[in-house]
Structures are given as structure tokens and as C-alpha cells.
Amino acid sequence: MSDLDSEVLPLPPRYRFRDLLLGDQYFQNDDRVQVEFYVNENTFKERLKLFFIKNQRSSLRIRLFNFSLKLLTCLLYIVRVLLDDPALGIGCWGCPKQTYTFNESSSEINWAPILWVERKLALWVIQVIVAIISFLETMLLIYLSYKGNIWEQIFQVSFVLEMITTLPFIITIFWAPLRNLFIPVFLNCWLAKHALENMINDFHRAILRTQSAMFNQVLILFCTLLCLLFTGTCGIQHLERAGENLSLLTSFYFCIVTFSTVGYGDVTPKIWPSQLLVVIMICVALVVLPLQFEELVYLWMERQKSGGNYSRHRAQTEKHVILCVSSLKIDLLMDFLNEFYAHPRLQDYYVVILCPTEMDIQVRRVLQIPLWSQRVIYLQGSALKDQDLMRAKMDNGEACFILSSRNEVDRTAADHQTILRAWAVKDFAPNCPLYVQILKPENKFHVKFADHVVCEEECKYAMLALNCICPATSTLITLLVHTSRGQEGQESPEQWQRMYGRCSGNEVYHVRMGDSKFFREYQGKSFTYAAFHAHKKYGVCLIGLKREDNKSILLNPGPRHTLAASDTCFYINITKEENSAFTFKQEETRRRGLAGPGRGRGSSHLPVHSIIASVGTVAIDLQNTECPPAQGGECGKLALPTENGSGSRRPSIAPVLELADSSALLPCDLLSDQSEDEMTPSEDEGLSAVEYVKGYPPNSPYIGSSPTLCHLLPVKAPFCCLRLDKGCKHNSFEDAKAYGFKNKLIIVSAETAGNGLYNFIVPLRAYYRSRRELNPIVLLLDNKPDPHFLEAICCFPMVYYMEGSVDNLDSLLQCGIIYADNLVVVDKESTMSAEEDYMADAKTIVNVQTMFRLFPSLSITTELTHPSNMRFMQFRAKDSYSLALSKLEKRERENGSNLAFMFRLPFAAGRVFSISMLDTLLYQSFVKDYMISITRLLLGLDTTPGSGYLCAMKITEGDLWIGTYGRLFQKLCSSSAEIPIGVYRTQSHVFATSEPHDLRVQSQISVSADDCEDTREVKGPWGARAGTGGTGGSSMHGRHSVGGDPAEHPLLRRKSLQWARKLSRKSPKHAGKAAAEWISQQRLSLCQRSERQELSELVKNRMKHLGLPTTGYDEMNDHQNTLSYVLINPPPDTRLEPHDIVYLIRCDPLAHVASSSPSRKSSCSNKLSSCNPETRGETQL
């Protein structure tokens, strides 16, 4: 402390006691200098310049005064002309007046009427005052704007005109005889035009607005025409004082007739000065007017490109939304318009498109259609400019949609542009609802302030992941988020197409329970009870609700949840409740004239008419249709009850209780069962399975990912162990076969390991998936993954990566494609843009087609950039059925369908997907603000406590005693509190022919062929597959049971030819042409199989070269005769069929764990088992 004091120097003596007494007065007067800034602006000239020129508002007032002054001089000139009569005499001021009479025969001109006019004293005084003011103002402006070159300002046209019209009046003050001298005051009209232009420019600058240049140019052209007419009228009238003495009105008539090129000839100038003036005026008009019109046409063309403005009056009286995009393509535009205007209450809305690029030809052609030209306004501009946002009236908009350009090579840069647009819109119009589409999940938190955000890669990877365990999830979600009336395919002769089209109208709606006719009678009842009885009575599927005091949506909260009148219910139906018609049984009976006693309240209502059409969706599946083994306990067998096992009685199903019973199976028991399985693992699972733990992933690759409880490794795996094709010091495995995986692989082919790929792994490792049925995940990446990504995935069990490409056969074989059940091909960013439209998917389509030929039994899910390219997936050039579907798609598109591509076989089967199909999710959120939340819950992206999740369950032969979908609904609700929402059905597919008897002929041929001995010999691998094409289980067993010995292929070919010849001899003669066609098809099939054998040899040779065993390759398992379709919310009387896969919303297993005791868990005897073929058990419900 003493050291610090010694460092501080004491104050000088004069700053001590005196400063204490005087305070700061000494410092105020000691060595301080006041500095003034901008002293150059304090001069008299600068202050005048600030007032007359620099200041916007004062300058505007000065120009307005100048414009009014010039108009006043022109008005005074007209007054002077009307008061002047040359017949009363002509002469100077104070001189004797002389009369003048025009003589047409004389060629001499009397100049006195031209030089002298009659001007009243009062009029002269006013004109002199105005001239003095104009002269002083002009000289002052010349002085203030002087920049060193005085001659440049003197010879300006405006200065010359000012001198001509003002200086003579000033001279007449000092020389009285000149007061009657003619002064061309009418030339002030040109000065008024110049002042008007300057005034408009100052006006726009003062209010900080940019008015349309089109308006300015039109105003200038109009003023130019008026000035030409006024100048010609006044000039000819004055010169003709020495001729026929025309009046002002007659001169105006002559100018109009002359400038309009009509030229009646009834009025003509008589003297050469007036004739010369007419020639000059015509020449000026021929020069000035074309220039003005050229500028006007150019601005009009530019306005056509930029789109003009959306007027403030329209914005205040009409409703409009703004669509901001970086580049507008016709597909994006039509998807937005069709989905936006599909809702009845949006018919009166206008759509303002704000795009920085020029409108292309296709978009321009579409916007010229009267349907869209009256409701869509295209503005070329940037969302980063306030002027363009003002043109679009963003502050008055009902909503703003900001879409990213997914076709950009650099998707991160596209996201950055989207973020800046969102910030600009929020800054300009903070009250405008914002709907933002973002591409990469790591950029999502930058637009967290938006009202609704859809992340493309999050939804894409989660949907592709669910496709591997819940077949055709992409088709299910896509149909739910599209608006349709269910009228597609109703004129088709195919039954599945009619059902498929009707089902496309199923959507998610909401209603307040207290106001609902569907659900208000179930107030105070359990959610499961209300869901079952609403489906039984009205045909609607209740999937979730939202409490009034909670903003979170809960899917299937379970039987313990009691419904309240203030709850908001979410349900799936053809149409919303407000548009449904209710027909009661008594009314129907009265209409039919039948009399009978009514039954109880539970059966007093018939289903709603709109529900009769709700018969689901249909899809054709050309791939594997069995229930994948990795469904986390989602598949089970509903066993027939033992107490009702006699064949004479129909088995009964327990009723759904109004309130939850403690003895009933609760969602928490599912977690209990899984825990018990983990504690006592089976012998074939090994000891490694016990090491899995449940927890939250410790490392999230990006900000904003929803935490999900998952199966994790107790210790993070080293990065070297994540490499599938290379051994390390921890293990020596170098291929998928060496690992000895129990379950089939899921392979994902992607270009880079982006953060979105993390959302592919999380749904497949969620805690509610059974540990025994977790599928190994192999990431086939073109580029080496980033260490941060490896850090995020190293905590998940059985997740590996490998560097390779999907177009390399060796890479596919090394990553274990022959042991895989699902292959997901993700669209590559580098191929999303192409010089020719729709060519971005060319490489992906060809590669997938190659894999489809090499591995026909593999379930391949492909992502495409353009949905229209899905017609090339699994392409067969000579398939007549595909050609018929192509014609059906074109017909539906002509009819204005929003889902014309839904009839394509790969999409219907859930084998192809395009992320652009989910654009409608963002558009629908404008009307249904809950759709994004419900979709994220279904996909597993969000895990709200108490909310259920989407899973699947397979119907086996032993479950068919249930009979109908309605009884299945009751069975699930009463036993496990699960809510079914749809069915994925697979059947054998028979090609339809033109005539009905063709089918009979084919069946006769098939029967006769079965009697052939050679047919029975070769029926092994082919006949079994053809007969069980619709069975998923047999296809999986066939993959490992059929031996691919190349030595027997020639024998098979010879036997097949003999079989074909005997078949032709045994066929009935009356079959005729139909039999010949069928035989040709069989021969073609034989040729195809020979080609497939060649492909098989190619694959096996590559496997031998790589040192891989060839026993697992299945060469003959082809799925060409299966038809798969999705029934969304089918009616209760829909019959169940074998191998149906039911989509379920299962309760959250952790929803009531805290309130459940171990004794209750152990007392529950009803358990749901897996659909794993190795450990298939029965579910005692």
C-alpha cells in the first residue's frame, strides 16, 4: 500500500486550496477553446442554398410556388387574349389606335397586329409583379447553383425562356410606350412543365418513396402534349391577327385537327408566318413525341418484367400473401397455387410473388391463364430492399412464405440467402406471419423467430428411416399433407385405383371437443374409448388432442387421459366436421318406409356419407413386402382367445372401457416388457446386447435438435471401429458378413455425412424400438465424414460407415448389400442442378435401375429431386400396365388433380420419394397451424412427454379371426390402447386384359401346364415364387434358401423350353390368339431370366474377387407380381387380409411410469411380442 502512495505525485500548490474554494470556475476560463463545426454552412449563401435547394421539404415548396406562378402567367395570357380585340384599334401605349383589315389579294403583311396588343392597366400591373418575382427567383437560383461556368447556365433553355417572358415586362416599367408590346408569355407552359418534373422528384425524395417510373413518364408525355397544343394554339392565334383574326377556340381546333393528322381543311393559316409556325410545330412534334413514346414503351416493357406495384388501396381492402423465392420454377409455382387455393376460405386471397429474377416463359404462360391472372401478381424485386417490400405491401400481408432454392449446388449458401430474406422481412414487417423453409438443420436456429419453420433434411431423413420399419411411410405422410377431394381415379376400371383415389381425400382436421358432434358425447371418457366409438359410429380416426392450458399436441395420450370440453381434438377424415352430413337411422328407416324398434344409442347412427368414401389408399409394391424384422416390437400376432376357441361361436373381443382400469394393459407395460427382455437376453443375442443402455445422445451435431431417448452404448465407440470395411486394433472385421449381424442391414447411400443424416439414425434407435430387433445401419458415403459427425454417432449401437459410391458394385458388395433388407438412396447435392430441367435425377435413376436388376429382392427407397421423374423408377419399356397408368396420370393431370403422380407404382408402394412433395406441409400450415407439429411427432423428430409414436404391426394367418378393421380397432383399443390409422396391404398382382374371357383362358392354360411333368421339375425356385408373390415371409426365406448353382442354369433353360413347347401343345384350341399372346409373354419371361442369370454371374464373380462368400446372394427372388396399397383410415367393415401391416399410434411407454408400481407391471399378462420370424410369438389380448 505504501508503494502505491509513493507512486502518486502530489498536486502543485496552486491547485490545492484555491480549487477547493473556486470549484470548476478556474477550469472554465483557463486554456479552453470553443470549437464550432460546419462554419461554412453558416454563410448567407449556404443558408439560402439550404432553403432553396438542399432541404427537401422547403425545396418542394419553392418548386410548387414556381409551378403555380407559371400557370398563373399562362392564365393571364389567356385573359389578355380574350379582352383584346384588334378591330378596335392597334397601337403602342398612349399612341393613337389604328384599325386594320386583312386583304387576301394583297401579299404584304401588316406587322402592327403582331407587334402590338391591347393590355389593360390592371392586367399589366399583375403581369409585371409576376414577372419581377419570377426574374428575381431565377437570378437567385442561378447565383446559388453557380459552379464556375456562367455561360453554361446562361444558355440553358429554361434561363432563355425566363428572360424572354420576364425581362420585357421589367423594361416596360421604365418605358411606358412598350406596355402594349407583345410578349410570348404562353412559353411559360414549358417552364411549368419543367417545374412540375422537378417538383415530383422532390416530392418522392421528401417522402422517401419511389413512385413508379411509368407514372412519371406518362405524366411527362401528357405535359409535353399539352405544351405543344398550348404553344401552337397561342402562336397561331396571335400570328393570324394579321390574317383572318382567328379566335383562341378556333386555333385550338386547328391544332387538334392538324396534330391528329385528320386535316379537314376548313381552317387554314393565311399568312406565311403562321404557316411557318405550323411547320415548326409539326417538326417538333415529330421529334419530341416519338422520343417520349419510346421511353414510355421501354418503361412499360420493364414494368412487365418487374411486375409493377401492389397498390396500397388493394392491400387495405383485400387480403394477400407474399411468396419470396430466389428463382421461380413452374413446378414450385403450381404446387403452391394448387395447395393454397384448395381451401375454400382462401379463394378471395391474392398471391404476390416477389422474385429477383425475370419471369421465365413457362411461368408467364401460366400466369396469363384467367384462373391465375386475376389472383397472382408477379413482382421482380429483392426481399432485401425496402422499396420492393413496399411494392409488395409486406406490412399489410396476411403471411409471407420464404422458400429456399433446393436446386442450388451449394445448399448452405441457399440457406444463407433464405435467412437474410427472413431477417429483412421481419425487420420491415414485424407483425407479418412468417413461414420459412430451410434446407440444412444447422441453419434452423437462425430463423427460430418465424411462426412456422420446415427443415427439409430433418423431415427427409426421418421419413426415409421410418420407411425401413414402417413400409410406405413416405406415401402415408405425403397423402396426409396434400389437399384432395378424393375424386382421383374414380373412372378407372381398376378397383384399387378407385379406392386409392377416394382415400387421397383423407386429411388431418381439428375441432374443439365441446363444439364437436363427433366427440362431445365422450366428454369425461377416456381417450381410447372416444377414439374407438368415434371410429365405429362416424368413421373418423381420433389421433390426438391438445389441452387448453398446454400448447403441446399429444398423439394418443392413452386410456388414462380423460377428455374435457375445452380440448382440441385432431382426427383423420375425408372432410372436416363442418362439411359432413349426418343421417340418423330413424330418418333412413322412415325414408325407406320401414318400421322397426330402434336399438341402443351406440348403434343409432349410421356412418357419415363422407366416410363411406374413406376406403384408404392403394399402392403397388414391386419389392419386398414382408414386415421388416427391425420394428422394435411393433409387430405382433393377435391370438385367438382360448375361451371362445370353438368353431361354432364367433370369438368375442373385450369392450373398450370408458375409464382406464388398473388391470388393463397400459402403455407403461411395453417399457416393462422390454426391460425384462434386456435383463434376460436370449442365447442367440450374445452378451454384447446386454451392454446397451437407454439415454439421451450426449452430442448433438447441430443446435435445435429435439432430445430423444435412445438405445446407446455405455462407452462411445472409437472412430476406427465405425469403419465397416477396415479392421482396427479393436476388431479385425472387414466386411458385413464377418460381423455376423442377427438382423438385416439398412444401408444409406449419401454424398456427404450432413447433420441431417443424424435424424435418420435417431428414429431407428429410439427407446421404444425393441433392442432385439435393432437393424445395423451402414452409411455408404462418397466423401469421408467429418469428425464432428462421427462424434455424434459413435454413441449409437451398430452404426457404421464406409467410403464408396452407389454406382460402384464393389462398394455395394463390401457394405453387405446381399445381407440388407433396405437400401436408401439419398439425392446427391452435386447432381441437384443440371443444364436441362429434370435431368438432375438422371444418374440416380440409372444407378437405382442397375441395382434393381442386380438385386431384385432388395427393398430400395430412392429420393428424387423432381417428382415427375418417378415414372422412370423400375422402368419397364414393354409393360402394358405401366403404360396404362401413365395414361391415367395424364388424364388426372388434365382434370386438375394435385396428386396426379400418386398412381405411379413406385410411389404407391413407398419406394420413391421427393422432398418437394412436403412443400405442401408448409403451405397447409397457413390454414392448419398444427400440421407441422403433428408431422414431426409422427416422424419421431419431436418427442413430447405423453405423446405416442408411429409404429407398425403385421397381421398373420392366426389373426384373421378378428375379421374386420373395426374389430381390430376394438381389439387394439381394449387390450394395448393403440390407435390404428391405416393398413399397408400386399396382394398378388394380375395384369388386366382387354376382354374378360382372356382371364379364363389364362387360368385354363395355367391348369393344363401344371399337369406337365417338366413343369413340376422346374417349378422349384420359380413356381414357388410366382405362386406366393404376395407373401412377404416366403420372400425372405427364399433369399436364404435358394441356392445359386451356375451349373444347373443350362438345364433349367432346356427344361423351360420343353415346358413352353408342351404348354403350347396342351393349350385349348379355342384359346386362339389369347393363348399365343400368353405364350409369347412366357418366352419373354424366359429370356429375361436368362439375362438375370448373366447378372447373377457378374455379381458372384465380383464377390469372389473381393473374397466374399456367395452363399447369401439370391438371384431369382423378384417382386414383379405384387400389388401394395395403403388404406388410410379405412371404414370399420374393411376385411383384414393375410400379411396386412397396420399403422399404429402407440402410447408413450414413459407417460405413466412414475405412477405405475412394479407389482402392477408384473401382474399384466397381456404382452405384445415381436414379429421377428425367428422369435415369433402370440400376443394374448
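Some observations on this one:
- Per residue, the accessible area of region 335-397 comes to 47 Å², computed with a 1.4 Å probe over protein heavy atoms only.
- Solvent-accessible area assigned to carbon and sulfur over region 224-334 amounts to 66 percent, based on a 1.4 Å probe.
- As a fraction of the 1.4 Å probe accessible area of region 503-563, surface on carbon and sulfur atoms comes out at 40 percent.
- Separation of region 106-151 from region 693-734 is 93 Å, based on Cα centroids.
- Apolar share of the accessible surface for region 795-891: 54 percent from carbon plus sulfur atoms, 1.4 Å probe.
- Here residue 384 sits with roughly 100 square angstrom of accessible surface, probe radius 1.4 Å.
- Per residue, the accessible area of region 426-538 comes to 31 Å² when a 1.4 Å probe rolls over the protein heavy atoms.
- Solvent-accessible area of residue 327 with every protein chain in place, 1.4 Å probe, in Å² to the nearest 10: 40
- Each peptide among 469-477, 738-746, 150-158 gets the average number of other Cβ atoms lying within 10 Å of its residues, and from highest to lowest they stand as 469-477, 738-746, 150-158.
- Probe 1.4 Å, all protein chains present, accessible-area order of 365, 936, 547, 411, largest first: 365, 547, 936, 411
- Amide H contacts under 5 Å for residue 942: 937, restricted to partners 5 or more places along the chain or on a different chain, H placed in the peptide plane at 1.01 Å from N.
- For residue 964, the residues whose modelled amide H falls within less than 5 Å of its own, excluding neighbours fewer than 5 places apart on the same chain, are 1136.
- For region 448-592: rounded, prolate or oblate by the Cα gyration tensor [a/c cutoff 1.5]: oblate
- With θ taken as phi - 60° and the Karplus curve 6.51 cos²θ - 1.76 cosθ + 1.60 applied, the whole-hertz 3J(HN,Hα) list for region 349-364 is 7, 10, 10, 9, 9, 10, 9, x, 9, 6, 5, 7, 5, 5, 5, 5 Hz, x standing for glycine and proline.
- List 720, 815, ordered by accessible area with a 1.4 Å probe, largest first: 720, 815
- Distance from the alpha carbon centroid of region 908-960 to that of region 463-481 works out to 7 angstrom.
- Accessible area, probe 1.4 Å, largest first, for residues 350, 143: 143, 350
- Legend: Rg and Dmax of region 240-337, from Cα coordinates, 25.2, 75 Å.
- Amide H contacts of residue 324: 354, 401, 402, 403, each under 5 Å away and 5 or more positions distant or on a separate chain (H built 1.01 Å from N in the peptide plane; Pro and chain starts excluded).
- Protection proxy ranking of 937-943, 263-269 - average other beta-carbon atoms within 10 Å, highest first: 937-943, 263-269
- Per residue, the accessible area of region 736-888 comes to 31 Å², computed with a 1.4 Å probe over protein heavy atoms only.
- Evaluated at q = 0.14, 0.20 Å⁻¹, a Debye calculation over the C-alpha positions of region 453-496 (equal weights, vacuum) places log10 I(q)/I(0) at -0.49, -0.77.
- Percent of beta bridges antiparallel (DSSP, region 681-797, rounded to nearest 5): 45
- Listed values for region 705-722 are Karplus-derived 3J(HN,Hα) couplings in whole Hz (6.51 cos²θ - 1.76 cosθ + 1.60, θ = phi - 60°), namely 6, 6, x, 10, 6, 9, 6, 10, 7, x, 10, 4, 6, x, 4, 5, 6, 7, and x replaces Gly and Pro.
- Computed with a 1.4 Å probe over protein heavy atoms only, the accessible area of residue 512 comes to about 100 Å².
The values are calculated or read from the model by the stated rules, or taken from the named source; none is laboratory data. Keep in mind it's a predicted model, so treat the numbers as computed, not measured. Here the Cβ is made from the backbone with ideal geometry for all residues, glycine too, and neighbour counts use every protein chain on show. With ligands, DNA and RNA removed, areas are computed over all heavy atoms of the protein, side chains included. Shrake-Rupley method; radii C 1.70, N 1.55, O 1.52, S 1.80 Å.
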